[in-house]
Structure formats: structure tokens, C-alpha cells
1. Looking only at region 108-161, filter to residues that are outside any helix (DSSP H, G or I) and basic (Lys, Arg); which one of those is nearest to Ala60 (Cα to Cα)?
2. Take the conditions closer than 22 Å to Ile359 by Cα, crowded, with 19+ Cβ neighbours inside 10 Å and in contact with an Asp or Glu (Cβ under 9 Å, 6 or more places away or on another chain) and apply them to Thr434. Does it pass?
3. Do any residues in region 153-168 that are over 17 Å from Asn658 (Cβ atoms) and modelled with pLDDT under 95 have Cβ atoms under 8 Å from those of residues that are of a type in the set (Ser, Thr, Tyr) and in a strand (DSSP E or B), where the two are at least six apart or on different chains, and which pairs are they?
4. Among the residues of region 454-473, are any closer than 21 Å to Lys114 by Cβ and either β-branched (Val, Ile, Thr) or modelled with pLDDT of 95 or more (or both)?
5. Filter region 406-430 for residues that are under 19 Å from Gln86 (Cβ atoms), of a type outside the set (Lys, Arg) and either in contact with a strand residue (DSSP E or B) (Cβ under 9 Å, 6 or more places away or on another chain) or without any contact (Cβ under 8 Å) to a residue 24 or more places away in the chain (or both) and give the result.
6. Test Phe312 against the criterion of being of a type outside the set (Gly, Ala, Ser) and in contact with a helix residue (DSSP H, G or I) (Cβ under 8 Å, 6 or more places away or on another chain), and give yes or no.
7. For Asp101, which of the numbered conditions (1) of a type in the set (D, E, K, R); (2) modelled with pLDDT under 50; (3) part of a helix (DSSP H, G or I) fails to hold?
8. Residues being small (Gly, Ala, Ser), out of contact with any Leu (no Cβ under 7 Å at 6 or more places or on another chain) and surrounded by 23 or more Cβ atoms within 10 Å (Cβ to Cβ): count how many of those fall in region 344-381.
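The values are calculated or read from the model by the stated rules, or taken from the named source; none is laboratory data. Please read these numbers as outputs of a predicted model, since none were measured by experiment. Virtual Cβ from ideal backbone geometry, glycine too; neighbours counted across all protein chains shown.
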Amino acid sequence: MILSRQVIVLFWIGVLFQNCSTKEFHAANIDRFALVSRHNVVITKPDTMASLSVGNGEFAFTVDVSGLQTFPRDYEKGIPLGTQSQWGWHSFPTADNYTLDDVAEEYESCDTTKAPYAVQRSQGKAKYATDFLRSNPHRIHLGLIGLILLKQNGEEVKLDDLGQINQQLELWTGKIESNYIVDGNPVKVILYGHQQKDRVSAKIQSPLIEKGRLKIKFDFSYGKDCHVCPGYDFESAEKHRSTEVRSHDKQSIIKREIDSTTYFTHIAWNGDGNLNGLQGGHSFVLTPSSSQGTFEFTTTFATDSVFEKFDFSATESNSIEHWKQFWTSGAAIDFSECTDPRAQELERRVILSQYLTKIQCAGSLPPQETGLTMNSWYGKFHLEMHWWHAAHFALWNRSNLLRKSLDWYTKVTDKAKATARWQGYDGARWQKMTDPNGNESPSDVGAFIIWQQPHPIYFAELLYRNDSSRQTLTAYKDLVFNTADFMASFVRFRDGKYQLCHPLIPAQEIFKATETDNPTYELQYWYYGLRIAQEWRKRLGMPVNEKWEEIINNLIPLSVKDDLYLPNSTTPKAYNGSQFRRDHPAVVGAYGFLPWNERIDSSIMANTFDNIMNNWQWETTWGWDYPLLAMSAARLKKPRQAIEVLLMDVQKNTYLRNGHNFQDHRLRLYLPGNGGLLAAVAMMAAGWDGSEGNNPGFPRDGKWNVKWEGLKKMP
């Protein structure tokens, strides 16, 4: 049969259309330098919520508008001027060897078995144990590095005295350049952070150097056991020591002794200058010679006192090289051809969130919610938040950055196993609020949280999807199986079904531990985690785990009332009263954060989503709730709502000039919001298993012409 030319053309158009709608979208014409650089942060006046940071995932250094940490008191209630590392921790000395047994209380499950839980106690020795175990160890502020700027009359310059301010964070290179005027004299400070060392380098240019009116000051403090704060205590000088122990050829080493914590501050400079200690013992001043108009210095924080050759130019080259590598590798997404007026702001948030999570969340420990900028929960990290901090790295084709913190679980597996044994379970029960060594902290909430348990399985699966090798399976199989063993032993068989029984607190934390069973999101996460763990056994050629399989096949169905999914099985009136429409809307995580399976009715979940959007108390939410809802909207084929909720104009979804996700006066930055945003945007663009076409999470109204490359599909 002879086909007409028109039919042949139409046939090939159809083939091309089908290919375009199904293959991974690759926009090779993204100008990554232009994409990143158009979101450089520019500050033109003092703004204590607009502090800027340099760092590398293991270390971060945050500066004010002077370009260094000159005005810490002014910034304490904003984004504080932190100097923090993954290794910098301190504990107050005590003669008591407190353990979780000192705060334990027994709680009964639905099958009448009892187990101890480390909760907060308010009387006697148990209260002292609670306070100590929660606040120790705490992350320490390693030291403030600021300028002493003098007016012509000899007075020190205050923040409001700086004029003609122009400060810029150059994202492509990691450079912070700060320009301003003091008493008619220009000052320029250029700052870089080393990408492999806990090191910052600065170059200062100003006539004030020649006039003897510019110096660099180093201030060291004691540790602080505050819940949310910068992490320094300058009122306890007698409790710690700062000693210059070595000095040679324009280099000096200051030894820091804070009880059992010891570290060293290495200071090196180019040009002529002198370092001298001030009265009080914890302040040192580096004074440049007046024979020069430019002065460079470098500061390294370390656990050893070995002299190493380093200078400004070396840090500059290192930062430029590694940031270029970061931005040119991994994925990219470009909204410049979108005509929706919200697109530019979404792109700004995405770019700045990549920068912030790289320096704050890409280290060898799971990050605290405020990263390496300030202390929250004493500097400890919350493992249920780890997904929101770091899962996006795998979706953005930067699996190596996720792998760094995932490996921590392997190091603390023995602690997690000990917790499981203590409570009568198998496998490893992962901590909630924990320290670098995997020690749990007592908490009336954290002790009962369970949704962090499947996270390591999810992480391992993300890594396997990006590298489906035997090596990946071997590296993480024990982590996956230990996690699954606990999950299987935690469920209880009742009324012919396996159930998640009290005591537990779900991700929507308003429900009581002793009265809550079968939370919807957690049930689905248990189902997903055990199925993936079973799949890992198959990939390794191992037989099916029969216990896991029995639970998978007999897990209790999700609770439904009035054609809505309930948050759990024990709160049947959850949508009839406003008291339940608050905190995290976690129920939508069962289909959004997690993929569809036969246990989910998408029409019921769509009703649930709509009910939440129309009735939730948004002031009670947190920053990661908006990406959570956006992911659910995308899977439910509600792309318009996905955009609306991702950019909802409410306080907890505020993104400051520097990119930080503001929550409230106490928690001024909140990195789970940044990481969650990146995960949601990656999913909306690249899709998920079973999604169709390009950009399935964005509206198809002609206004969202999103270009991307390198993103990975979500499960």
C-alpha cells in the first residue's frame, strides 16, 4: 500500500511527539552561569535577617554587612553570625554519669507489652538527668572574627555608621564582597571559604589600614546550653582558656580549651602585621602595618596544631574551582522562559536553596535544623528531618552529597540496636534528637516519633536508583535490613491485622502518644519501607523474608471517614473540629512523599487534600509542609494547586533575601524548608515513577515553560 506524503509526515510528527512526552527532558541550552548569577544576593543597607555565609558542609562562617563578624550583638535576634563545624561539640563537666535509664518510664502497647521510653522528667535526679542529656553535648561557636573600625575621633564604628553599603554574595564562586564607607574612607572586604578545610580567607582594602584605624579581632567564648541561640557565652571567661601556643613567620596558633573540648585556631597573614592578646585572655587583635593599603589573612579551625602553608589566594582558587564544579555538575532548572509572574521568585528560592544546603546540609553528620549557622535544640539533629535536608541531593544528581551523611547511620548502628534491645525489639531503632555519637536525647515527643525509621531505606533506594550496582547494594544492605527488622518487630498483630500501636506520636505531632494508633502516613511508610527492603533481598539473590512479607500482606487498611483519610485510626472526628486541622498536614504524605500503591484510593486522597487546603490553620504549619503538599498535589494531577501551595504567602513559607526559610522570631532559619523545596521542584519537573510527559507537576497553561537537565525521577 502506498502512503501519501501527508500521512507519512503526520506519522513521524506523532512519533516525535510521543518521544518528547516520554523521554527524560534534556535542555542543553541552559546557561548555568547566567542562571546562577542572576540570583546573586545584594545587600545595600544593614539587615540583620540578611546575614551571608560561606562554607562547605563540614564548616560554615556567617558574616554581617561589614564582610566579617563585626556586629554580633546586633545580629543575635536575626540570622546570627555563626562559626560552626561538624566536630565542634562541648559538654559541661559533671560527676554524674547520667544514662537514659535515669529518665525512663514504661509505656504499655495495645498488646499489653511494656517498654521503657526516655522522656522528660521534672523532679529529683531524673530532672537533672533530663536537663543534662538534652543539652549535652551542644555544638559550640568556634570564634568570632570581626573588624575594629575606628572613627577619626577614636570611637569604634557602630553598625549604623556604615555608609554606601554594597555587599554581594557571588554564588558562582562563593565570594562575599562587601563595600562601604567609614568616615569618608572606603572599605572593601573580600571573603572566601575553603571547600575542603574549616577555613576562611579575607582580603581587606582601605585607607583606614594606613591610618591605623582598622584591625582584625578574634573573640572566643565558652559553650552555651541554650535551646535556640548563637551558641556562645562571653560571660564565663574563667571557665575556658585561649592560649597562643605557636608563632612563626606571620603565623600563629591559638589553643582553645573548653573543659574536655580542645581545638586550635590557626591564623596566617600576608604583609606586615602583629597579633597580640588583649586583657581578659580570650580576645586577640591582628594589627596590619600602616605601610600598606591592602591586608590579607586566613583563619583555619582544626583539631590539631600542625603548621600548614596557606594564604588568601589558595583559598580563593579553591573556592572558585569547587563552586564552578558544583554548579556545572548535577542538575539545573531554568524558569527564565516562564511567563507566570511567580516563576522568578521560585527560581530564586531554588538557586539559593542549592547554595545553602550545599554549605549547611552536605556534611558527614545529619544537619541540625539551623545547619551550621546557629544552635537549635542545642545543636543536635533530628533524624525525621534528615529526609527534608538531604534527599534532594539524589534527585538533583548529587548522590555523593547524600552519601556523606547517610554513612553516619552505619557508624551509630550499635547505638540504634541497643535502643531496640532496651525496648524489646529487633533490628535498629533510629534516634530522633541525637548527637554525633548517636546518643538519644530524652523528650516527651521525640521518644515516640517513628517516621524517621524508614528514612535510611528511602535514602538507600535513591542511591540505588542512581547507581544500580552490586557495590551500592553491598554498601547499604545491612542498613536496610537492620531498619526493616525493627519495623517488622514494632508492629502488633491485633484483630487479624498488623498495626502500628501506641505509644507513638505521628508526624502530625498534636496527637497523644498513649492514645494514637495507625497513623495514615506512617502506615504507608511502613508498607513502602518493608517492600523496598524485600526488593533489596531479591536484588542480592536472597530469599524473601517471610515475616516481612506477612506484614506487607496483612497491614491494616488506612482509616477513612466521610470519604476522607483520617490522620490515624483513633481520632474519628479529626475533620469535624478545628483542633485537629493544625500542625503538619502529614496525612497527604501517604500519597505525595510516598508513591501510589494498591492501598491508596486517589479520589479519597484528592478529597483529603482539598479539605486540608480549604480548612487548615496555616499559621501552625512548618516550612516543609508546603513542599509536602505540593508533592501530593502533583501526584493527584493538581499542578495548579502544587504551584499555589509551594508559593503560598504565609509566614512559615517566607524566604528571606539570603534564601533562608523564616519561621518565627525563635527559628529565623529552617533548612528543612529549603531542602523540601528542592525535592518538590525536582519531582514536579522530572516526575515520578509512572508519571507521563515532561514537567508533570507544573500547570500546562502555557505560562510554565520550564527547562531542566539532569534531574532524577522520584519513586
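1. Arg139
2. yes
3. Within 8 Å, no pair qualifies.
4. No.
5. If the condition is that a residue be under 19 Å from Gln86 (Cβ atoms), of a type outside the set (Lys, Arg) and either in contact with a strand residue (DSSP E or B) (Cβ under 9 Å, 6 or more places away or on another chain) or without any contact (Cβ under 8 Å) to a residue 24 or more places away in the chain (or both), then Val412 is the only one that fits.
6. In short, no.
7. (2)
8. 2
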